[in-house]
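Notes for the one structure printed next.
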Amino acid sequence: MSRPRKSHPKCLLCGQEGRPVLAGLFDDRFGAPGLYDIVKCPSCGLEQTWPRPSERQLKELYERFYNYGGEAGTTYTKLRERLMASPLYQLWLKADGDISFHMRSGAGRLLDVGCNEGRGLTLYAGQGFQAEGLELNEQAAAQARKRGFTVHTQALAKFTPQRPYEVVVLANVLEHVRDPVAMLSKVRRLLSSGGQVWISCPNAAGFWRRLFGRHWINWHVPFHLWHFSPQSLKEVLVRADFELIEIKTCTPALWLAQSLCVALAARAGRANRVMRSAPVIAGLMLAARGLLHPWLGNLDRQMQGDCLIVTAGG
Ligand SMILES: [Zn+2]
């Protein structure tokens, strides 16, 4: 007697049933419980984490493992602030890649979706924008407001601003949401005529995913629900009525350092202590960028870098 075939989720974009490409992944950062598969659409190549947690489960997971806990004014946060305000930070971004769009200058209203405690808002304002944030975590939003910024705490789906934005930033956000097409469609409606969305997210079709395999930091189950290639991300944008302006890749040294920490030290059900060690991470980052710089640049130019950087117009 044959066993019933295990069914897999349908693709968000084309409705095809996906095929598992990796099985039994666990949370290698925080030690959240559960095992997850990565399932790929045979038609369009969009990959997803399966099973996908429900809205309620995600809320609980974020509250327990992820959320900003109100740390401010510590030696570490002060040092980070000073570093980010220094010319050294701009130099580092130039070499390493600007996955949060902190170097882009411009004018007009900018909304940073998931602005945390507002470190990015300070930098966007310094680059000429009237920056505002959207942040569901009340504690983090309160910190951002202390810096003098307007921060909205509604869910994006329910957010109705009085005036449109010239730029909406989705820096490492889209892969976390249950419906990226719905999110982008909503963002499209927030933009002024000629407005842009700036997106960064992991590149599931890059060299680093292949090299690290199941130890790739950006599977990040169960928090990353979607794993985009340049092709599948372009398709998501088309569905949301965006036109692609630019797509490129970069490879943050932090992500390489974190993938190494996963490969060396991840244990199911336990927080990854090595990854939380600032000296270890900083040392690995400097080594990766210092030793591999020209080669990383080559990979990035061939669209093989670890992070996709996208500009699209409404
Ligand atoms: Zn598909």
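The values are calculated or read from the model by the stated rules, or taken from the named source; none is laboratory data. No experiment lies behind these values; they were computed from the predicted model shown. Don't worry about glycine lacking a Cβ; one is built from the backbone with ideal geometry, like all the others, and counts go over all protein chains shown.
Remarks
- Residue check, Val236 in a helix (DSSP H, G or I) and out of contact with any Cys (no Cβ under 7 Å at 6 or more places or on another chain): yes
- Segments classed as strands (runs of 3 or more DSSP E), wholly inside region 16-100, with at least 2 members that are among the polar types (S, T, N, Q) and touching a strand residue (DSSP E or B) at 6+ places or on another chain (Cβ under 9 Å): 47-50
- Within region 37-90, being within 19 Å of Gly120 (Cβ to Cβ), of a type in the set (Ser, Thr, Tyr) and in contact with a helix residue (DSSP H, G or I) (Cβ under 8 Å, 6 or more places away or on another chain) holds for Tyr68, Tyr76, Tyr89.
- Residue match in region 199-206 (condition: within 15 Å of the chain's Cα centre (by Cα) and assigned to a loop (DSSP other than H, G, I, E, B)): yes
- Exclusive hit being more than 19 Å from the chain's Cα centre (by Cα), exposed (fewer than 15 other Cβ atoms within 10 Å of the Cβ) and either at pLDDT below 95 or not aliphatic (A, V, I, L, M) (or both), set Glu63, Glu17, Glu55: Glu17
- Inside region 225-278, residues that are in contact with a helix residue (DSSP H, G or I) (Cβ under 6 Å, 6 or more places away or on another chain), closer than 21 Å to Phe212 by Cα, touching a residue at least 12 places away in the same chain (Cβ under 8 Å) and of a type in the set (Gly, Ala, Ser) make up a count of 4.
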